[in-house]
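S.K.: Next up is a structure, given as structure tokens.
The values are calculated or read from the model by the stated rules, or taken from the named source; none is laboratory data. Everything numeric in this text was worked out from a predicted model, so none of it was measured. Using ideal geometry, Cβ is built from the backbone for each residue, glycine included, and neighbour counts are taken over all protein chains shown.
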Amino acid sequence: MSATLATIPYTDGLGLTLDRVADGEVQMTLPDGKANRNLAGTVHAGLLYTFGETLAGVAAGLETLEKAFPFARRGEIRYRRPARGAVHGTARVTADEIHRVLDELAREGRSELTVHARLAGDDGETVAEMDVDYAFRPLERT
């Protein structure tokens, strides 16, 4: 999965690290850096959105990338407090959700899934929460 993360051109330069992948849960870190900050010195809201959507997308694609790609349809973020320093994210997709998605793909050629992501500062306090709706479409075989 780390290799897949490194192939996303839009996020390649952000320094995102994949910290843990187990049991449908993905944990990633957005490192601290001057380029990540806004004029107030906190992590830029747009970057938090990008990080949250990337995190949720990795979780959505954990068990599906061999058959289908998750395309973000809608994302909603709720900023809870300013983020300073590194940001740590967690997103989870249950085995039941993956089975449903794969079953719908096999039967109908499409599926949808909502993934929740939580972003926290180094102190563990939530800085933002995000829900991203994904549409899955089968990979084109050539």
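S.K.: For segment 9-68, which residues satisfy the criterion of being part of a strand (DSSP E or B) and hydrophobic (A, V, I, L, M, F, W, C)? Spell out the reasoning first.
M.R.: In the first step, residues of segment 9-68 are kept if they are part of a strand (DSSP E or B); the result is 17-22, 25-30, 37, 43, 68.
If the condition is that a residue be part of a strand (DSSP E or B) and hydrophobic (A, V, I, L, M, F, W, C), then 18, 21, 22, 26, 28, 30, 43, 68 are the ones that fit.
S.K.: Here is a list of conditions, (1) in contact with a Leu (Cβ under 8 Å, 6 or more places away or on another chain); (2) surrounded by fewer than 16 Cβ atoms within 10 Å (Cβ to Cβ); (3) within 24 Å of residue 32 (Cα to Cα), and residue 119 meets all of them except one; can you say which number that is?
M.R.: Every listed condition holds for residue 119 apart from (2).
S.K.: Output the residues belonging to segment 24-61 that are without any contact (Cβ under 8 Å) to a residue 40 or more places away in the chain and over 16 Å from residue 128 (Cβ atoms). Break it down stepwise before answering.
M.R.: Looking only at segment 24-61, we keep the residues that are without any contact (Cβ under 8 Å) to a residue 40 or more places away in the chain, and these are 33-39, 44-47.
Result: 33, 34, 35, 39.
S.K.: Please state which one of 123, 133 is charged (D, E, K, R) and outside any strand (DSSP E or B).
M.R.: 123
S.K.: Now a separate question. Within segment 76-91, is even one residue under 20 Å from residue 124 (Cβ atoms), basic (Lys, Arg) and part of a strand (DSSP E or B)? It would help to see each step written out before you state the result.
M.R.: If we filter segment 76-91 for residues that are under 20 Å from residue 124 (Cβ atoms), which is where we start, we get 77-91.
Filter once more, so that each one left must be basic (Lys, Arg): 78, 80-81, 84.
Subset that is part of a strand (DSSP E or B): 78.
Yes: one or more hits.
S.K.: Name every residue in segment 49-70 that is touching a Gly at 6+ places or on another chain (Cβ under 9 Å) and of a type outside the set (Gly, Ala, Ser), in order of residue number. Quick ask: steps written out before the conclusion?
M.R.: Quick first cut of segment 49-70, residues touching a Gly at 6+ places or on another chain (Cβ under 9 Å) only: 49, 51-56, 59, 62-63, 68-70.
If the condition is that a residue be touching a Gly at 6+ places or on another chain (Cβ under 9 Å) and of a type outside the set (Gly, Ala, Ser), then 49, 51, 53, 54, 55, 62, 63, 69, 70 are the ones that fit.
S.K.: Assuming residue 102 fulfils every condition listed in (1) buried (at least 17 other Cβ atoms within 10 Å of the Cβ); (2) within 14 Å of the chain's Cα centre (by Cα); (3) free of Cβ contacts under 8 Å to residues at least 60 places away in the same chain; (4) closer than 17 Å to residue 60 by Cβ apart from one, which condition is it?
M.R.: That leaves (2) as the condition not met.
S.K.: Let me ask something else. Any residue at all in segment 30-48 that is closer than 26 Å to residue 103 by Cα, at pLDDT 90 or above and over 13 Å from the mean Cα position of the chain (by Cα)? It would help to see each step written out before you state the result.
M.R.: Looking only at segment 30-48, we keep the residues that are closer than 26 Å to residue 103 by Cα, and these are none.
Checked segment 30-48: no residue is closer than 26 Å to residue 103 by Cα, at pLDDT 90 or above and over 13 Å from the mean Cα position of the chain (by Cα).
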